[in-house]
Amino acid sequence: MRRDTGAAALLGPLLAGSAQPHQVRRAAQGLGLPERGRYAVVVLGAPVAVPEADGDGDGVRWCWCGEAGVVLLGPGGLAGPVARLGVAGAGPGGVSPVVGGLAELGLARRLAGAALLACGPGAREIVALDERLPTALVASAPELSARLVAEVFGPLLVLAPAERALLVGTLEAWLECGGSVGRAAVRLRCHRNTVFNRLRRLERLTSRSLSHPRELVETVLALDALRLSAARG
């Protein structure tokens, strides 16, 4: 993975989304990369020592500009390169969806940055945007997400911390168990009626029904926003 200043100078305008066509051609020639191809961008949250290599032996090519890495994908797709970043200890990080050429790296850089926000503070994971789209959406609009938390979970925020944690934890377990009260009860080691009663109380406090699709979406997005705000302290 190259981190030389020449590559950074060529990639900078592309990643900023301000490159003109002649700059795209110049970058392609200077880096030995095709203008059209399957590219993705990785944005790391902190500098790490990454093994230097021009490729991964499977058609993959890397170039770096600061903490942003551009990867030309081989036939294996994103899974292999992302896994190797994790092995190298390069986390936290956000990974963009695949784009069709160097001219689209600016968009990919912005989407990778949104994926990085979805990691949350302290995380060491490498997150692909498509795996965390709702969380990335919430994290990318902090003012709106704060308003969402206040609107949905406002009555919970005035409860004692232990009581609030009990209700939020029950909601998380219920969601992770696919909406099954029985499975959530097993996970929480309590009676299913206890889970049911906690969820009903949460519905009363939030004035939102977990059986109403639109209100459930609001609750889940607010939960993501609450997790992120708690992680940031």
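Read-outs: derived from the displayed coordinates by stated rules, not from any lab. Nothing here was measured: the structure is a model prediction, and the numbers come from that model. Cβ placement follows ideal geometry from the backbone for every residue including glycine, while neighbour counts extend to all protein chains displayed.
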* **Charge dipole of the chain about the Cα centre (unit charges at C-beta), most positive-ward option of Leu10, Leu202, Gly66** => Leu202
* For the range 126-137, take each phi angle, set θ = phi - 60°, evaluate the Karplus expression 6.51 cos²θ - 1.76 cosθ + 1.60, and give the result in whole Hz per residue in order, putting x for glycine and proline. => 9, 10, 7, 3, 5, 8, 9, 4, x, 5, 5, 4
* Dimensions of the chain along principal axes (Cα, Å, largest first)? -> 65, 32, 29
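Which of rounded, prolate or oblate describes the range 115-233 when judged by the alpha-carbon gyration tensor and an a/c cut-off of 1.5?
Working: a/c = 1.72, a/b = 1.43, b/c = 1.20.
In terms of gyration-tensor shape, prolate.
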* Asked: Helix 21-31 versus the longest principal axis of the chain: what is the Cα-based angle in degrees, 0 to 90, to the nearest 10?
  -> 80 degrees
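Counting helices only, and only those DSSP H runs with n ≥ 4, report the 222 nm mean residue ellipticity of the chain as the sum of -39,500 (n - 2.57) divided by its residues, in deg cm²/dmol to the nearest 500. List each step's numbers first, then the result.
On the way: 10 runs with 129 residues, N = 233.
Helix contribution divided over all residues of the chain: -17500 deg cm²/dmol.
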* Structure fact -> Rounded to the nearest 10, the angle in degrees between the Cα long axis of helix 5-16 and the longest principal axis of the Cα atoms of the chain comes to 50 degrees
* Tell me which residues come under 5 Å, amide H to amide H, from Gly37 once H is placed; ignore anything under 5 positions away on its chain. => Gly101, Leu102
* To the nearest 10 degrees, how steep is helix 213-232 against the longest Cα principal axis of the chain, on a 0 to 90 scale? -> 70 degrees
* Beta bridge orientation in the chain: antiparallel %, DSSP, nearest 5 -> 80 percent
* Using only the Cα atoms of the range 180-233, build the gyration tensor, take square roots of its eigenvalues as a ≥ b ≥ c, and label the shape rounded, prolate or oblate: rounded if a/c is under 1.5, else prolate if a/b is larger than b/c, else oblate. => oblate
* Asked: What is the extension gain from Ser229 to Arg110, computed as 0.36 nm multiplied by their sequence separation minus the C-alpha to C-alpha distance, in nm to one decimal?
  -> 40.7 nm
* Asked: Taking the alpha-carbon centroid of each part, what is the distance from the range 81-103 to the range 181-233 in angstrom?
  -> 33 Å
* HN-Hα J couplings of the range 37-42 from phi, Karplus 6.51/-1.76/1.60, θ = phi - 60°, integer Hz, Gly and Pro as x? -> x, 8, 10, 9, 10, 10
* Asked: Between Ser180 and Ala160, 0.36 nm times their residue separation minus their Cα-Cα distance comes to what?
  -> 4.5 nm
